[in-house]
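The values are calculated or read from the model by the stated rules, or taken from the named source; none is laboratory data. Predicted model, so just to flag it, every value in this text is computed and none were measured. Please note: Cβ atoms are built from the backbone with ideal geometry, for glycine as well, and neighbour counts cover all protein chains shown.
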Amino acid sequence: MMFFRTIFLFLLITFAPSIMAASEGWRAQLQSPTIIGEGTLKVFVWEVYDIRLLSDGAPFSWQRDFVLEFAYKRELTKDRVIEASIKEMRRQKNITDSQIERWQEYLQQGIKSVQPATKAALLFTDKGTLTFYYDGKAPVTVTDAAFARAFMNIWLGADTSKTALREALLGLS
């Protein structure tokens, strides 16, 4: 029994830093992360994830780098997340079908399936890049400013279907 504990401890010490680095690698991008707001996405009675918005300064501004950090409470497949993301982006004004078609490739690259307790983050830079971070996965960066803004507008845009969550993230509620 002691042998297995020793092996487990060794594996934990060896691999935990790299797993944490994958989901929290964004921390090096912000100088002094400040929580702007936080909330929980609920669908009917189920809590899907806790989310918080962090930035180098308050109030929120698209002219500063910021992060949306997720703590998942339910299992979600990659396809389901992509489908929901596309549905939300279609709600936004001036988004065309050809953009959505092109952006599906970015979603395929960046989005991963998640389990309860998975940590993930989205880093938006003022230069218009978006980086996806997931526990134990290499980050994926997309350098399409229109996509980055439209994807973050799922949570932060005026056309979001979750207005109460948006207000909580922006510290307005």
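Take Leu54 and decide whether it is surrounded by 15 or more Cβ atoms within 10 Å (Cβ to Cβ), within 18 Å of Phe151 (Cα to Cα) and in contact with a strand residue (DSSP E or B) (Cβ under 7 Å, 6 or more places away or on another chain).
Spelling it out, Leu54 is indeed surrounded by 15 or more Cβ atoms within 10 Å (Cβ to Cβ), within 18 Å of Phe151 (Cα to Cα) and in contact with a strand residue (DSSP E or B) (Cβ under 7 Å, 6 or more places away or on another chain).
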* Quick one: count up the residues across the stretch 145-160 that are surrounded by fewer than 17 Cβ atoms within 10 Å (Cβ to Cβ), small (Gly, Ala, Ser) and modelled with pLDDT of 95 or more. => 2
* Asked: Inside the stretch 67-101, can you point out the residues that are under 20 Å from Phe124 (Cα atoms) and touching an Asp or Glu at 6+ places or on another chain (Cβ under 8 Å)?
  -> Phe70, Ala71, Gln92
* Which ones in the stretch 116-134 are in a loop (DSSP other than H, G, I, E, B), under 20 Å from Asp50 (Cα atoms) and of a type in the set (Gly, Ala, Ser)? -> Ala117
* Asked: Name the residues in the stretch 79-102 that are under 13 Å from the mean Cα position of the chain (by Cα) and surrounded by fewer than 14 Cβ atoms within 10 Å (Cβ to Cβ), would you?
  -> none
* Determine whether the stretch 67-80 contains at least one residue that is at positive phi and at pLDDT 95 or above. => no
* Give the number of residues within the stretch 30-51 that are surrounded by 15 or more Cβ atoms within 10 Å (Cβ to Cβ) and either small (Gly, Ala, Ser) or modelled with pLDDT under 95 (or both). => 4
* Asked: Can you tell me which residues in the stretch 135-173 are in a helix (DSSP H, G or I) and under 17 Å from Lys42 (Cα atoms)?
  -> Ile154, Trp155, Leu156, Thr163, Ala164, Leu165, Arg166, Glu167, Ala168, Leu169
* Hey, among the residues in the stretch 103-144 that are free of Cβ contacts under 8 Å to residues at least 60 places away in the same chain, of a type in the set (Gly, Ala, Ser) and surrounded by fewer than 15 Cβ atoms within 10 Å (Cβ to Cβ), which one's farthest from Ile86 (Cα to Cα)? -> Ala117
* Quick one: what pairs do we get from the stretch 60-77, first residue over 22 Å from Gly25 (Cβ atoms), second hydroxyl-bearing (Ser, Thr, Tyr) and outside any loop (DSSP other than H, G, I, E, B), C-beta under 6 Å, 6+ apart or different chains? -> Lys73/Tyr49
